[in-house]
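Down below is the structure, laid out as structure tokens.
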Amino acid sequence: MRKQIVAGNWKMNKNVQESTQLADEIVRNVKGLNLENTRVIIAPTFVNLSEVIKVTDGSKVEVAAQNMHQAKSGAFTGEISADMLTSLGLKTVVLGHSERREYFGETDTILASKVDAALENNLEIILCFGEVLEDRKSENHFNVVESQIKNGLFHLEASAWKNIVLAYEPVWAIGTGETASPEQAQEMHAFIRKIVAEKYNNEIAENVSILYGGSVKPSNAKEIFSKKDVDGGLIGGAALNSVDFISLVKSF
């Protein structure tokens, strides 16, 4: 049975004191919740990972990295390798976020190599993908999403999919206040599950968690998360406030 996941991507927000405070608030507030089939993940910036890991140690809250480089080591100033992440005890990394694609030129080819490097280090991957507004308006959104998934993941053996989580981000709904309707989210998630089944098999498709990432907030989370093929969210702005974030966790 696939897991429900609420993952908070903190992006370039919160200094170390603010990060540990937010992490502590989340840890304390999920302590009494029944999370038998729900995972709670937070992804602070690199420089705060160690301190946040200390705060969440032994709790129901998992910590993930926001990105990593595909090389094992070398002259890549400012970058972080998979080995560096696992040496901290991390088990999950977010790859391919729309901001990484748009602002830092990460292509499907680069992301495929990052996926391979992460898997070689036994890291779970939350792979992000999604269309921009132009693609949605021209009704090319299914083609864009299918291409990103195929190029990033379809070179993998079936056995690797136990370490894959998918995150659909309609880029036009990130930070804009716009949100895909629950019906639009369900339609795309069902399409994603279909193409995974066609490439691999129904078992893999039914067991992979597919998250929605596009301006999820307490007012719309319950309706979005109730859809059959929506298994949770990759949360941006609402993840920076513990009350809002816990509200999303309780939406299940």
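The values are calculated or read from the model by the stated rules, or taken from the named source; none is laboratory data. Note that the coordinates shown come from a computational prediction; the quantities given were computed from them, not determined experimentally. In this analysis, Cβ positions are derived from the backbone assuming ideal geometry, glycine residues included, and neighbour counts consider all displayed protein chains.
Against the condition closer than 25 Å to residue 67 by Cα, surrounded by fewer than 21 Cβ atoms within 10 Å (Cβ to Cβ) and over 15 Å from the mean Cα position of the chain (by Cα), how does residue 201 come out, does it pass?
For residue 201, the condition - closer than 25 Å to residue 67 by Cα, surrounded by fewer than 21 Cβ atoms within 10 Å (Cβ to Cβ) and over 15 Å from the mean Cα position of the chain (by Cα) - is not met.
Of everything in the stretch 50-109 that's in contact (Cβ under 8 Å) with a residue 40 or more places away in the chain, touching a strand residue (DSSP E or B) at 6+ places or on another chain (Cβ under 8 Å) and part of a loop (DSSP other than H, G, I, E, B), which residue is farthest from residue 170 (Cα to Cα)?
90
Starting from the stretch 198-214, keep only residues that are more than 27 Å from residue 239 (Cα to Cα), then list their pairs with residues that are assigned to a helix (DSSP H, G or I) and hydrophobic (A, V, I, L, M, F, W, C) whose Cβ atoms are within a distance under 7 Å, requiring at least 6 positions of separation or different chains.
200/158; 200/161; 204/158; 204/161; 204/196; 205/196; 205/197
Could you list, in sequence order, all residues of the stretch 115-137 that are exposed (fewer than 15 other Cβ atoms within 10 Å of the Cβ) and not in a helix (DSSP H, G or I)?
Across the stretch 115-137, the qualifying residue is only 122.
So residue 134 clears everything in (1) modelled with pLDDT under 95; (2) closer than 25 Å to residue 243 by Cα; (3) not aliphatic (A, V, I, L, M) except one condition, right? Which one?
(2)
If a residue has to be hydrophobic (A, V, I, L, M, F, W, C) and farther than 18 Å from residue 172 by Cα to count, how many in the stretch 140-157 make the cut?
Total satisfying the criteria: 4.
Taking the criterion of being in contact with a strand residue (DSSP E or B) (Cβ under 8 Å, 6 or more places away or on another chain) and surrounded by fewer than 18 Cβ atoms within 10 Å (Cβ to Cβ), would at least one residue in the stretch 7-29 satisfy it?
No, because not a single residue in the stretch 7-29 is in contact with a strand residue (DSSP E or B) (Cβ under 8 Å, 6 or more places away or on another chain) and surrounded by fewer than 18 Cβ atoms within 10 Å (Cβ to Cβ).
Specify the residue that is surrounded by the most Cβ atoms within 10 Å (Cβ to Cβ); the eligible residues are those in the stretch 138-178 that are farther than 28 Å from residue 237 by Cα and charged (D, E, K, R).
150
Is it true that residue 225 is surrounded by 17 or more Cβ atoms within 10 Å (Cβ to Cβ) and in contact with a helix residue (DSSP H, G or I) (Cβ under 7 Å, 6 or more places away or on another chain)? It would help to see each step written out before you state the result.
Working: surrounded by 17 or more Cβ atoms within 10 Å (Cβ to Cβ): yes; in contact with a helix residue (DSSP H, G or I) (Cβ under 7 Å, 6 or more places away or on another chain): no.
The answer is no for residue 225.
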